[in-house]
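The values are calculated or read from the model by the stated rules, or taken from the named source; none is laboratory data. Since this is a predicted model, take the numbers as computed values, not measurements. Using ideal geometry, Cβ is built from the backbone for each residue, glycine included, and neighbour counts are taken over all protein chains shown. Ligands, DNA and RNA are excluded from the accessible area calculation, which covers all protein heavy atoms including side chains. Shrake-Rupley method; radii C 1.70, N 1.55, O 1.52, S 1.80 Å.
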Amino acid sequence: MNTKQVIVIRKDLKMRRGKECAMASHSSMSFLTKRIISNPVSFKLNEAEVHWINNSFRKITCVVSGEKELLEIHQKALDLGLESHIILDNGATEFGGVKTYTAVAIGPDWDERVDLVTKDLVLY
């Protein structure tokens, strides 16, 4: 079985490439950093997460057309019990100081589980 993490970026925001990279990085690392912060001494990883870290670190990047679609994908992943971390940017460097949802990372998890949410998304 294979594992992956799918990172979804909003294309309607027309972010600079560096900003997109930063938002993707933030979303990708959120599952791990939030878990470490909540339990720094003995945080746990599930079997799929351990497999992902030890074997592939595979990430797939996709795009959506806007905030509504990003929020729907995030909620669908949560409803299926998947790790899903959405990024709310503070707007300090882009977006005129307005907090803006920019990206979401789903997984890492087994491909079959992540595909339930992301299989029809457009690759970036």
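Remarks
- Meets criteria (touching a residue at least 60 places away in the same chain (Cβ under 8 Å) and open to solvent by 40 Å² or more (accessible area, probe 1.4 Å)) for residue 2: yes
- Residue satisfying all of: in region 9-21; in a helix (DSSP H, G or I) and out of contact with any strand residue (DSSP E or B) (no Cβ under 9 Å at 6 or more places or on another chain); most open to solvent (accessible area, probe 1.4 Å) among these: 17
- For region 46-65, taking the residues that are within 15 Å of residue 5 (Cα to Cα) and in a loop (DSSP other than H, G, I, E, B), the one that is most open to solvent (accessible area, probe 1.4 Å) is identified as 57.
- Among the residues making up region 77-102, those that are in contact with a helix residue (DSSP H, G or I) (Cβ under 6 Å, 6 or more places away or on another chain) and of a type in the set (Val, Ile, Thr) are 86, 87, 102.
- Of all residue pairs spaced 6 or more apart or on separate chains, those with beta-carbon atoms under 9 Å, a first member in region 27-39 that is within 17 Å of residue 62 (Cα to Cα) and a second member that is surrounded by 12 or more Cβ atoms within 10 Å (Cβ to Cβ) and hydroxyl-bearing (Ser, Thr, Tyr) are 27/102.
- Residue, surrounded by the fewest Cβ atoms within 10 Å (Cβ to Cβ), within region 66-100, restricted to residues that are outside any loop (DSSP other than H, G, I, E, B) and among the β-branched types (Val, Ile, Thr): 100
- Residues that are open to solvent by 80 Å² or more (accessible area, probe 1.4 Å) and either in a loop (DSSP other than H, G, I, E, B) or touching a Ser or Thr at 6+ places or on another chain (Cβ under 8 Å) (or both), drawn from region 25-45: 40, 41, 44
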